[in-house]
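These notes are about the structure you will find just below.
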Amino acid sequence: MVGMFFKMTGNGDKNTESALRYMFSARREYLEAAYNCIEHKYGDFRGFLIEGLGISEEDIARMRNMYLE
């Protein structure tokens, strides 16, 4: 995605591209650290959705039906 952006816009250099690739990567340790913070603050991911993001139970049910069935 980052490489495609630079090809399309012609902006940036290799250092910028490298930094963006690093920032937008989905490394296991980053995801685990984020989930650990969520668990610590909200108890679980559902708590994060409800308390942290303000998503209602109804919205969660609607998203579950849309994306998991």
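The values are calculated or read from the model by the stated rules, or taken from the named source; none is laboratory data. Owing to the predicted nature of the structure, the values given are computational and were not obtained by experimental measurement. When the accessible area is computed, the model is the full protein with side chains, heavy atoms only, and any ligands, DNA or RNA have been set aside. Shrake-Rupley method; radii C 1.70, N 1.55, O 1.52, S 1.80 Å.
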Can you tell me which residues in the range 1-32 are modelled with pLDDT of 65 or more and not charged (D, E, K, R)? Asn15, Thr16, Ser18, Ala19, Leu20, Tyr22, Met23, Phe24, Ser25, Ala26, Tyr30, Leu31
Filtered residues of the range 10-50 (kept if open to solvent by less than 100 Å² (accessible area, probe 1.4 Å) and hydroxyl-bearing (Ser, Thr, Tyr)): Thr16, Ser18, Ser25, Tyr30, Tyr35, Tyr42
Considering only the range 51-69, state which residues are open to solvent by 60 Å² or more (accessible area, probe 1.4 Å), assigned to a helix (DSSP H, G or I) and of a type in the set (A, V, I, L, M). Met63, Met66, Leu68
